[in-house]
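Please read the structure below before turning to the comments.
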Amino acid sequence: MKMRNHILRMVSVFFLVLMLVGCGIMTVFSIDYSFDSITTTFTFTNPDNILSWIKQSTGPSLLLAYIVTDEPANPTILSTKFNSEFRRNIVDGRMISSGSVILNTTSNNKEYTLYKLSDSNSNEFNAPYFFSTATNPLNPDIQFSVSLTSNNTLQFTVISGSYTNPSLELTRFNGESFITVPSEVADFPDYVVSSTAVGSLYIHVYAAINISEGDFSNKYWTRLESVASIQLI
C-alpha cells in the first residue's frame, strides 16, 4: 500500500511538472495611456521600460473603424461592446479576425455593426498591423486627424509621431465612398438609418491601439475611443 501511494504521488508530481512546463509563466503586457479627443492624440507612459518588450515594427498599431447613422451622437454602445469582446481584462485580450466586420450589437431594436475602414482597393488593413504602426515601439505616441474629402471618403493624416502610412484616403469596408442620401442606404450593413430619415447622415469614427507581438503572452488593447462624428453633406 505504501509503495502504491508513493507511486501515485510520483505520478501526480510528474503531471504537475508537465502542466507547468506546457503552460509556462505568463508575462502580461499592460501600459497606461491617455487619449485626448480634442487633438486626437494617444500618449503612452513607459514605466520599467515596458515598451522595449514589443517586437520591432509590430506595434503599437492603430485600428480605425466606423459606422454611419442618421444621428449626430456616436453610439457609445459600440465602445462598450468592443472593450468587453476584445480588450476584456487585459490578460486575455482577443485579436480581431481578418474579416471586415469587427462586432455587432443591438440597442433600441437597432443593430449596430462596426466595420474597419478600407481604401479604394478594398484593402482591409488586417491584424496585427492595421492602418498604421509605430516605426519605433519606444516612441509610440501619435496625433492624427480624420476628415471628410470632396469625394465623400475620409482622409487619415498623422500629425505627429513616426508611423507607417502617414497619409491614407479611406473608404467604406468595400472600397466605395460614403453615400449621403438616406433613401439609398436601406440595405447597407455599415449604416443604421431610420426608414423615415430625411436629414443628414454621420460617419462615426473610432480608434484603438493594439500591441500583440513581443516578449509577453497577451494581446493588449487600449479602449475603443471615439475619434469623430463627421456630417455627410
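Between Ser57 and Thr27, what FRET efficiency comes out of the Förster formula 1/(1 + (r/R0)^6) with R0 = 25 Å and r the beta carbon distance, rounded to 0.05?
0.80
Between the helical axis of 2-23 and the dominant principal axis of the chain, each derived from Cα atoms, what acute angle in degrees is found, rounded to the nearest 10?
Compared with the principal axis, the helix lies near 30 degrees.
Report the full-extension gain for the segment Thr157 to Ser34: residue separation times 0.36 nm, less the Cα-Cα distance, to one decimal in nm.
Difference between extended and current length: 42.3 nm.
Loop only per DSSP, at most 13 neighbouring Cβ atoms within 10 Å: give me the trypsin sites (Lys or Arg not before Pro) in the range 65-120, ordered by residue number.
Counting only loop positions with at most 13 other Cβ atoms within 10 Å, the trypsin sites (Lys or Arg not before Pro) in the range 65-120 are Arg94.
Which option, (1) 1.10; (2) 1.26; (3) 1.31, is the value of Cα Rg over 2.2 N^0.38 Å that was calculated from these coordinates?
Read-out taken from this structure: (2).
Considering only protein heavy atoms and a probe of 1.4 Å, how much of the accessible area of the chain is carbon and sulfur, as a whole percent?
53
Using the Karplus curve 6.51 cos²θ - 1.76 cosθ + 1.60 with θ = phi - 60°, work out ³J(HN,Hα) for each residue of the range 61-67 in order, rounded to whole Hz, and write x for Gly and Pro.
Running phi through 6.51 cos²θ - 1.76 cosθ + 1.60 with θ = phi - 60° gives 10, 9, 9, 10, 9, 7, 8 Hz.
Summing -39500 (n - 2.57) over the DSSP H runs of n ≥ 4 in the chain and dividing by its residue number, what mean residue ellipticity at 222 nm do you reach, to the nearest 500 deg cm²/dmol?
That calculation yields -4000 deg cm²/dmol at 222 nm.
Within a Cβ distance under 14 Å of Gln231, other residues only, what is the Lys/Arg minus Asp/Glu net charge?
So the environment of Gln231 carries a net charge of -2.
Given Cβ point charges of +1 (Lys, Arg) and -1 (Asp, Glu) and nothing else, what value in debye, to the nearest 20, does the dipole of the range 88-217 about its Cα centre take?
220
What does the accessible area per residue of the chain come to in Å², with a 1.4 Å probe and no ligands, DNA or RNA counted?
51
Under 15 Å Cα-Cα from Lys55, which aspartates and glutamates qualify once same-chain neighbours fewer than 8 residues away are excluded?
Glu213, Asp215
Once you put a point 7 Å from the Cα of Ile90 and another 7 Å from the Cα of Thr180, both along the Cβ direction, what distance in nm separates them?
4.5
The values are calculated or read from the model by the stated rules, or taken from the named source; none is laboratory data. Note that the structure is predicted; figures quoted are calculated from it, not measured. Virtual Cβ from ideal backbone geometry, glycine too; neighbours counted across all protein chains shown. Heavy atoms of the whole protein, side chains included, go into the accessibility calculation; ligands, DNA and RNA do not. Shrake-Rupley method; radii C 1.70, N 1.55, O 1.52, S 1.80 Å.
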